[in-house]
1. Tabulate in residue order the Karplus-calculated ³J(HN,Hα) for region 17-26, using 6.51 cos²θ - 1.76 cosθ + 1.60 with θ = phi - 60°, rounded to whole Hz; enter x for Gly and Pro.
2. Just grab the label-to-label distance for residue 8 and residue 35, each label 7 Å out from Cα along the Cβ direction, in nm (one decimal).
3. Determine, for 27, 33, 95, 43, the number of other Cβ atoms within 10 Å of each Cβ, and report the residues in order from fewest to most.
4. Using only Cα atoms and rounding to the nearest 10 degrees, what angle (0 to 90) does helix 93-112 make with the longest principal axis of the chain?
5. Among 18-24, 63-69, how do they line up from the highest to the lowest mean number of other beta-carbon atoms within 10 Å?
6. If I fit a long axis through the Cα atoms of helix 77-88 and take the longest principal axis of the Cα atoms of the chain, what angle between them do I get, 0 to 90°, rounded to 10?
7. Tell me, in nm to one decimal, what length is gained between residue 51 and residue 107 on full extension, where the rule is 0.36 nm per residue of separation less the Cα-Cα distance?
8. Could you derive backbone 3J(HN,Hα) for region 35-51 from the dihedral phi with the Karplus parameters 6.51, -1.76 and 1.60 (θ = phi - 60°), listing whole Hz in sequence and x where the residue is Gly or Pro?
Amino acid sequence: MKNDLNYAAIGMRVRAARKKKGMTQEELAGITELTVPYISNIENNHTKLSLVTIASIANALDTTVDALMYDNMHVLTSQYDADLKELVDDCSGKERKVILDMVRQLKASLREA
């Protein structure tokens, strides 16, 4: 079993959570006592972060470590479900139907491969 973490995905989630909260890198750095360049490096996959760092960032962003790392975990489907729901929350009925049709087609295609 490969134990490498997907730091790019973690960085993207940190950035998304920070922006969703309306926070700048400077503000996040101040709360977590990290530097702005280090926050930037995390978000751009130029550095690896420790468990202490990811916990500090999760706390500052009012989220969980699981939410920032879920695709690195074997069992966290509830976060996937939450992400999917968030993606379609602001969609119209027509948009939701198109997305649902596309997901069904994609799922069938993946299972054929």
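1. Those phi angles translate into 5, 5, 5, 4, 7, x, 9, 8, 4, 4 Hz.
2. About 2.6 nm separates the two model spin labels.
3. On the way: 27 15, 33 8, 95 11, 43 21.
Least crowded to most crowded, the residues run 33, 95, 27, 43.
4. Helix 93-112 sits at roughly 90 degrees to that axis.
5. Numbers: 18-24: 13.4, 63-69: 17.4.
Going by the mean number of other Cβ atoms within 10 Å, highest first, we get 63-69, 18-24.
6. In the chain, helix 77-88 runs at an angle near 80 degrees to the longest axis.
7. Details: separation 56, 0.36 × 56 = 20.16 nm, distance 3.39 nm.
Length difference between fully extended and current span is 16.8 nm.
8. So the J values, rounded to whole Hz, are 8, 4, x, 5, 4, 4, 5, 5, 5, 9, 6, 9, 7, 9, 10, 7, 4.
Readers should treat all values here as calculations from the given coordinates under stated rules, not as data from a laboratory. Because the structure is a prediction, the values reported are computed rather than measured. Cβ: placed from backbone, ideal geometry, glycine included. Neighbour counts: every protein chain shown.
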